[in-house]
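The values are calculated or read from the model by the stated rules, or taken from the named source; none is laboratory data. All values derive from a computational prediction rather than experimental measurement. Positions of Cβ are generated from backbone atoms using ideal geometry, with glycine treated the same way; all protein chains shown enter the neighbour counts. Surface accessibility is based on the protein's heavy atoms, side chains included, excluding ligands, DNA and RNA. Shrake-Rupley method; radii C 1.70, N 1.55, O 1.52, S 1.80 Å.
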Amino acid sequence: LYGFIRDVISNQRLITELSKKDFKAKYLGNYLGILWAFVQPTVTIIIFWFIFQVGFKSMPVDNFPFILWFASAFIVWNFFSECLLNSTNSIIENSYLVKKVVFRVSILPIVKLYSALFVHLFFIVFLIIMFAIYGYYPDFYDLQVIYYVVSTFALCLGLAWLTSSLVIFLKDIGQIISMVLQFGFWLTPIF
């Protein structure tokens, strides 16, 4: 464990560069480029806001409008699902690194998590701004976000190592993870 943590810290520059490359490559060739990483979740939140707050006129729960409840859960779920889905195939996508170079394979899922973390940190700030617009300003308890980010990252990393190693032997794991995440959105308290 100590050796692994030392390797991750010493390879931090490599991991950061690979995650930037991954982030850019994901949206390469699109007119809006990396803006799609931010536009798609924002549009989804706006659509749900319009349907439930404007259309159905849903009542506030504990004096919080529906959109604040939904956005808080959706942003977390979006990060979790993107991390798990993308990191599951991380070793297969980067097989050229694994086959030809002496390379620590266990950092490949970390690269995908960093890539998703860029977008997630933006949406945490977006969420704080949304709460401020509705009159709920940041306070001391909002520092729990740091604990949340570290804990979620650790959970996603553990699951990513498990699924990325299993998908090498059983390719169907990627499809199963995708289906479980779709069901998870509708079956969990997010929605």
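Overview of values
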{"quantity": "Residue-averaged 222 nm ellipticity for the chain, from DSSP H runs of 4+ at -39500 (n - 2.57), nearest 500", "calculated": "-24000 deg cm²/dmol"}
{"quantity": "Percent RCO, i.e. relative contact order, over the chain, from Cα pairs under 8 Å lying at least 6 residues apart", "calculated": "26"}
{"quantity": "Added length on full extension, which subtracts the Cα-Cα distance from 0.36 nm per residue, Tyr96 to Ala25", "calculated": "24.0 nm"}
{"quantity": "Cβ crowding within 10 Å averaged over residues, with 107-120, 69-82, 137-150, 44-57 ranked highest first", "calculated": "107-120, 69-82, 44-57, 137-150"}
{"quantity": "Residue-normalised accessible area of the chain, expressed per residue, 1.4 Å probe, Å²", "calculated": "63"}
{"quantity": "Rounded to whole Å, sorted largest first: equivalent-ellipsoid semi-axes of the stretch 1-144, Cα gyration tensor", "calculated": "36, 18, 12"}
{"quantity": "For the stretch 101-164: span of alpha carbons on each principal axis (Å, largest first)", "calculated": "52, 18, 17"}
{"quantity": "Under the span-like rule (Cα at least 30 Å along the axis, Kyte-Doolittle mean at least 1.6), DSSP H helices of the chain", "calculated": "108-133, 144-169"}
{"quantity": "Segment Val54-Trp77, length gained on full extension (0.36 nm per residue, minus Cα span)", "calculated": "6.0 nm"}
{"quantity": "Gain in span if fully extended, Asp142 to Gln175, counting 0.36 nm per residue against the direct Cα distance", "calculated": "8.3 nm"}
{"quantity": "Accessible carbon and sulfur surface of the stretch 88-191 relative to its total accessible area, %, 1.4 Å", "calculated": "74"}
{"quantity": "Violating pairs (Cα-Cα greater than 23 angstrom) within the set Lys20/Lys171; Lys21/Lys99; Lys99/Lys171", "calculated": "Lys20/Lys171"}
